[in-house]
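The values are calculated or read from the model by the stated rules, or taken from the named source; none is laboratory data. Every value quoted in this text rests on a predicted model; they were computed, and no experiment measured them. Cβ atoms come from the backbone with ideal geometry, glycine included; neighbour counts cover every protein chain shown.
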Amino acid sequence: MKTEKVIDYIIHWLNAYCEKSGMKGFVVGVSGGIDSAVTSTLCAKTGKPVMALNMHIYPNPAYVDLAQDHIRWLESCFPRVTGVTLDLTASFQDMEKTLPSEIQDPLTMANTRSRLRMLTLYGFAGHHRLLVAGTGNKVEDFGVGFFTKYGDGGVDLSPIADLMKSEVYELARHLGIIDGILRAKPTDGLFDDSRSDEDQIGASYDELEWAMKFDEGSTDESALDRRQREVLAIYRSFHRANRHKMDPIPTAVIPEELKTG
């Protein structure tokens, strides 16, 4: 990959989209992970105003600190970046008190956390006339669909959604992202424990990238070893189950003869 040219391309694309939209800049949720670090840095390099939001709910101190370290680094490098730290725990607790207990399974409440973050991002975006920049990469968004519908999937534009996770790391090293984020295990931070993305999915991002490329280019599984078959099954299972997140919302198109006469 021509890393520097890819970076320049995305920065130009962000600038062009922002100017066409009539908005002033970008707002990004910064989690302490690699994807949000790269996305927020690319937005900052446009020279437009950027608000970097560190939003936590029942916070994991390690990732809150990483997010804060990254925001401080952004602010020191880019004068138009403004960092904001928000503790959304009390708001989430209100949801816990309000929602019926029978629907409060771990996944439902994890998705509720993500949607609360989305509401917060759009609160800042609407007030300051900013675009919400998504932080999903290609294998997450279009491979396994590892995001929350109308949560972290609720964005205005997706700067890194055509990059595999490995390519995001390549950009991160070139951009000078801090070592702590480069070394951190990818996690969505939506559960009370320290589970990683790999713990939830059952395969690493390197394995998922392999599976995505395999399915795009090959139908011959005869030479695959046991682990490759396992990974392929995991990838396909997530892809099927989460297809509804990747496809446009279905629209009931009414036949014209039913709408006239």
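Annotations
- Test set (1) surrounded by 15 or more Cβ atoms within 10 Å (Cβ to Cβ); (2) touching a residue at least 60 places away in the same chain (Cβ under 8 Å); (3) more than 26 Å from Pro59 (Cβ to Cβ); (4) among the small types (Gly, Ala, Ser) - Gly189 fails condition number: (3)
- Val84 being of a type in the set (Val, Ile, Thr), touching a Lys or Arg at 6+ places or on another chain (Cβ under 6 Å) and under 18 Å from Ser36 (Cβ atoms): no
- Filtered residue count, segment 137-162, keeping only those that are surrounded by 18 or more Cβ atoms within 10 Å (Cβ to Cβ) and closer than 22 Å to Leu232 by Cβ: 10
- Residue in segment 71-79 that is of a type outside the set (A, V, I, L, M, F, W, C) and within 20 Å of Arg183 (Cβ to Cβ) present: yes
- None of Leu163, Leu107, Leu157 is touching a residue at least 60 places away in the same chain (Cβ under 8 Å) and either more than 17 Å from Ala37 (Cβ to Cβ) or more than 18 Å from the chain's Cα centre (by Cα) (or both) except Leu157.
- Taking segment 170-185 as the range and being farther than 19 Å from Glu75 by Cα and crowded, with 20+ Cβ neighbours inside 10 Å as the test, only Leu171 passes.
- Helices (runs of 4 or more DSSP H) lying entirely in segment 1-117 (those with 3 or more residues that are surrounded by fewer than 18 Cβ atoms within 10 Å (Cβ to Cβ)): 3-21, 61-77, 89-98
- Going through (1) under 30 Å from Ser194 (Cα atoms); (2) of a type in the set (S, T, N, Q); (3) at pLDDT 95 or above one by one, Ser31 falls short only on (3).
- Only one of the numbered conditions (1) modelled with pLDDT of 90 or more; (2) within 20 Å of Gly151 (Cα to Cα) is violated by Arg229, and that is (2).
- Among residues of segment 233-248, those that are without any contact (Cβ under 8 Å) to a residue 60 or more places away in the chain and basic (Lys, Arg), counted: 2
- Which listed residue, of Pro59, Pro49, is modelled with pLDDT under 95 and touching a strand residue (DSSP E or B) at 6+ places or on another chain (Cβ under 8 Å): Pro59
- Helices (runs of 4 or more DSSP H) fully within segment 186-258 that include at least 2 residues being out of contact with any strand residue (DSSP E or B) (no Cβ under 7 Å at 6 or more places or on another chain) and more than 30 Å from Arg115 (Cβ to Cβ): 205-217, 226-241.
- Any hit, segment 249-259, residues being without any contact (Cβ under 8 Å) to a residue 24 or more places away in the chain, out of contact with any helix residue (DSSP H, G or I) (no Cβ under 9 Å at 6 or more places or on another chain) and under 23 Å from Leu107 (Cα atoms): yes
- Residues in segment 166-180 that are touching a residue at least 60 places away in the same chain (Cβ under 8 Å) and not in a loop (DSSP other than H, G, I, E, B): Glu167, Val168, Tyr169, Glu170, Leu171, Ala172, His174, Leu175, Gly180.
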